[in-house]
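Visitor: Sharing a structure here in structure tokens format.
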Amino acid sequence: MLLHDERAQLVDYCHRMQADDLTVGTSGNLSVRSGQHIAITPSGVPYEDLTPESICVIDLDGNKVDSDLEPSSEVPMHTSVYRATDAAAVVHTHPLYCTALSVLLDEVPPVHYMIALLGGPVRVAPYARFGSPELAENSVRAMEGRYGALMQNHGATTYGDSLAKAYSRSVYLEWVCRLYHQARLLGEPNLLPREEIDGVAAVLGGYGQTVPAR
């Protein structure tokens, strides 16, 4: 099977995405790039029913290479991110707080230093219909200099040099959005200056460790 390991990894992270409340129903989609091929979740399949065999493989132009199912409707966005960045994985989610702020804001402000993991304040891409070339274009533009973006009245997308990194950024983005939402209920949040976010980004560049295999 083509990209077996990447397909199995996607199934695992789809289950995590459900457990972490980053999506609802069959919404959201994930992909991993390996050379000229992309393993991507299928369209409209319940996450609990996914197997490595049901994950689709497409090329960088979005053409099916190895799949019995139709790939995600957001293929244009995934392929656009891969063409525009050095991403090895893309995670698109519909989490509650990210989506709520996408309805209200043009940018998620630096309310906490962990926003540095996304490259700084997270922009909101203008609305376009799901699966459309316009949404892909708007999203990539909003990600310039960042590792993620919100999509107006829609959700969020992050990327990274591994699926673990892309997924972690989605988790942190939702947490920062929730923090901002909660703080705004109480008053006007204090925001961190750009130089502090840049400084934190430099420190976090080597953040995290891998546990040695036993």
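The values are calculated or read from the model by the stated rules, or taken from the named source; none is laboratory data. Since the structure is predicted, the reported quantities are computational estimates derived from the model, not experimental observations. Backbone-built Cβ (ideal geometry, glycine too); neighbour counts: all protein chains shown.
Visitor: Hey, among Glu48, Glu53, which residue is in contact (Cβ under 8 Å) with a residue 40 or more places away in the chain and either surrounded by fewer than 17 Cβ atoms within 10 Å (Cβ to Cβ) or not hydrophobic (A, V, I, L, M, F, W, C) (or both)? Break it down stepwise before answering.
Guide: Numbers: Glu48 fails: in contact (Cβ under 8 Å) with a residue 40 or more places away in the chain.
Exactly one residue qualifies, and that residue is Glu53.
Visitor: Checking Ala201 against (1) buried (at least 16 other Cβ atoms within 10 Å of the Cβ); (2) farther than 20 Å from Tyr13 by Cβ; (3) at pLDDT 95 or above, which test does it fail?
Guide: (3)
Visitor: Given the structure, is Val91 hydrophobic (A, V, I, L, M, F, W, C), in a loop (DSSP other than H, G, I, E, B) and surrounded by 15 or more Cβ atoms within 10 Å (Cβ to Cβ)?
Guide: Details: hydrophobic (A, V, I, L, M, F, W, C): yes; in a loop (DSSP other than H, G, I, E, B): no; surrounded by 15 or more Cβ atoms within 10 Å (Cβ to Cβ): yes.
When the stated conditions are applied, Val91 does not pass them.
Visitor: Between a residue in segment 151-176 that is under 12 Å from His92 (Cα atoms) and any residue that is modelled with pLDDT under 95 and in a strand (DSSP E or B), which pairs come within a Cβ distance under 8 Å, given they are 6 or more apart or on different chains?
Guide: Close Cβ pairs (under 8 Å, with a partner that is modelled with pLDDT under 95 and in a strand (DSSP E or B)) do not exist here.
Visitor: Within segment 22-43, track down each residue that is more than 18 Å from Glu70 (Cβ to Cβ) and at pLDDT below 95.
Guide: Result: Thr23, Val24.
Visitor: In the list Gly120, Gly131, Gly145, which residue meets the criterion of being surrounded by 17 or more Cβ atoms within 10 Å (Cβ to Cβ) and part of a loop (DSSP other than H, G, I, E, B)? Talk me through it step by step, then tell me what you get.
Guide: On the way: Gly131 fails: surrounded by 17 or more Cβ atoms within 10 Å (Cβ to Cβ); Gly145 fails: surrounded by 17 or more Cβ atoms within 10 Å (Cβ to Cβ).
Selected residue: Gly120, the only one of Gly120, Gly131, Gly145 that is surrounded by 17 or more Cβ atoms within 10 Å (Cβ to Cβ) and part of a loop (DSSP other than H, G, I, E, B).
Visitor: I've got another one for you. Being of a type in the set (S, T, N, Q), within 28 Å of Thr41 (Cβ to Cβ) and not in a loop (DSSP other than H, G, I, E, B), is that true of even one residue in segment 173-189?
Guide: Step one: of segment 173-189, the residues of a type in the set (S, T, N, Q) are 182.
Checking the rest, the ones that are also within 28 Å of Thr41 (Cβ to Cβ) come to none.
The answer is no; no qualifying residue exists.
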